[in-house]
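**Student:** Dumping the structure here so I can ask a few things about it.
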Amino acid sequence: MNLAVTVPEGSRGSYREMWLITLGHSLTHWYPATFYLLMPLIGKELGLSYSQIGLIMTCQYIAGAVANIPGGVLVDTVGRKGVLMATSLFWVGFPYLLMGFAHSYLMLLGCVALVGFGNSLWHPTAIPTLARRFPDRKGLVLSLHSMGGNVGDAIAPLAVGALLSVLSWRQAVALNVAPGILLALLIFVFLGTMQLGARKSDSHAGAQSLRDYFRGLPELFGNRGLIVLASSSAFRSMTQNALLTFLPVYLAYELGYSPLWVGACMFALQAAGFAAAPVAGHLSDRMGRKSVMMTSMAMTAVVLVFMALAGRSAAFVLFVTVLGFFLYAIRPVMQAWLLETTPKNMGGTSIGVLFGAQALGSSVGPLLGGMVADRYGLTAAFYFLAGTIVAANLFIFFMPRTEAAKA
């Protein structure tokens, strides 16, 4: 129980920056979490099938997959990291305002694609920045950053579920854009001049030339650890985002829950992830990344099977909470492990590749899950997702021994 006293060493300025970045991360997750709650309402209004609902998220994550690697290039060659984070946050929130005016399926797909482009800038900028400022506590610091995402994922369904009890979904998305714009301005003002490294002596603290950048690309893409972790992460994200797409639909359609109760269940899923992140990050700093990741993914598969067996019983909601603990525990662990196996001056691109692979998995998962649900019923989709998380775990067996990343 020494988590409360294992604060990473660094300047107080670094702590302020860390918490502001973490708060920004919470809002990059707030908006997608809001949209997951809106999808059952949008699906009914537009008369969408399960496959069409799944295609909405597929479109968003395909856009993110296309934009993540160019986003990583931009991060590694531009010094103004705070400006990039502020731009990303605004670009994630504003398209959701446009959705409030969408009356066609195609316009809705266009808006979610814009969200995917905006999200592609955040993680390649924020994660390497935090990892370089706290090199000895990567797992813990990145878990705190991950907790910010879980806070957004957890609170958004509750807040929007309450709004939907008195407002239409179009009115709710109009109100929802204000927090993102405000925080984007704060990040621009306070972090606008921030560079990547923590010290001026760090030769890779700021930007690097395009020539130096492209000279390092062959080594990066030949890195076995990058390939293995990106592949594993793609399958884990396939599981996560198909679950986030169809769990609210299952709760609304099969169990007959109101938007408020659907939001409460999604809160339980994310709150468990909130609790898991610092525990997993701290343990991975002490025990190693591999053992924490494999245990969490194995338990995720087991809980998904129990969810499918529980069906419409009250135990289903209990398993949702347990699932959140294991499903979200490994995100910061995987990010820390990746940054330890790849060159430090390519951190943005490394994270861009990781999140690009995750976006590909996320784009395929909801569509495949929807096709399985259309053919065999929503319960069958949970068995499908148990299989995808098992596949993610198998890749970890091929992970090479971690070596210190090159400067």
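**Student:** Can you tell me the 0 to 90 degree angle between the C-alpha axis of helix 259-287 and the longest principal axis of the chain, rounded to 10?
**Tutor:** Relative to the chain, helix 259-287 is tipped by roughly 30 degrees.
**Student:** Follow-up question, since we're still on this one. For helix 347-376, report the angle its Cα long axis makes with the longest principal axis of the Cα atoms of the chain; keep it between 0 and 90° and round to the nearest 10°.
**Tutor:** So the helix axis and the longest Cα principal axis differ by about 10 degrees.
**Student:** Then there is this: Counting only protein heavy atoms and a 1.4 Å probe, tell me what percentage of the chain's accessible area is made up of carbon and sulfur.
**Tutor:** Accessible surface attributable to carbon and sulfur in the chain totals 69 percent.
**Student:** Sticking with this one: Using a 1.4 Å probe, what is the accessible area per residue for the chain, in Å²?
**Tutor:** The answer is 39 Å² per residue.
**Student:** Can you tell me the dipole magnitude for the chain around its Cα centre, using point charges on the Cβ only (Lys, Arg +1; Asp, Glu -1), in Debye to the nearest 20?
**Tutor:** For the chain, the charge dipole is close to 700 debye.
**Student:** Another question about this same structure. Where the centre of each part is set by its Cα atoms, how far does the range 38-56 sit from the range 295-362, in angstrom?
**Tutor:** Using only Cα atoms, the two centres lie 25 Å from each other.
**Student:** Alpha carbon centre of the range 371-385 versus the range 67-131: separation in Å?
**Tutor:** 31
**Student:** Next question. For percent of Cα pairs over 27 Å apart, pick the label among (1) 46; (2) 63; (3) 52 that corresponds to the value derived from the coordinates.
**Tutor:** (1)
**Student:** Taking the Cα centre as origin and putting +1 on Lys and Arg beta-carbons and -1 on Asp and Glu beta-carbons, what dipole magnitude results for the range 28-179, to the nearest 20 debye?
**Tutor:** The dipole magnitude comes to about 320 debye.
**Student:** Another question about this same structure. Quote the relative contact order of the chain in percent (integer), defining contacts as alpha-carbon pairs under 8 Å separated by 6+ residues.
**Tutor:** 28
**Student:** Here's another thing I want to ask about it. By how many degrees, 0 to 90 and rounded to 10, does the Cα axis of helix 12-46 deviate from the longest principal axis of the chain?
**Tutor:** Around 20 degrees separate the two axes.
**Student:** Can you give the calculated 222 nm mean residue ellipticity of the chain, where each DSSP H run of n ≥ 4 adds -39,500 (n - 2.57) and the sum is split over every residue, rounded to the nearest 500 deg cm²/dmol?
**Tutor:** It comes out at -28000 deg cm²/dmol, rounded to the nearest 500.
The values are calculated or read from the model by the stated rules, or taken from the named source; none is laboratory data. As the structure is a computational prediction, the values presented were derived from the model and not from experiment. Cβ atoms come from the backbone with ideal geometry, glycine included; neighbour counts cover every protein chain shown. Note: accessible area is taken over every heavy atom of the protein model, side chains too, but ligands, DNA and RNA are not part of it. Shrake-Rupley method; radii C 1.70, N 1.55, O 1.52, S 1.80 Å.
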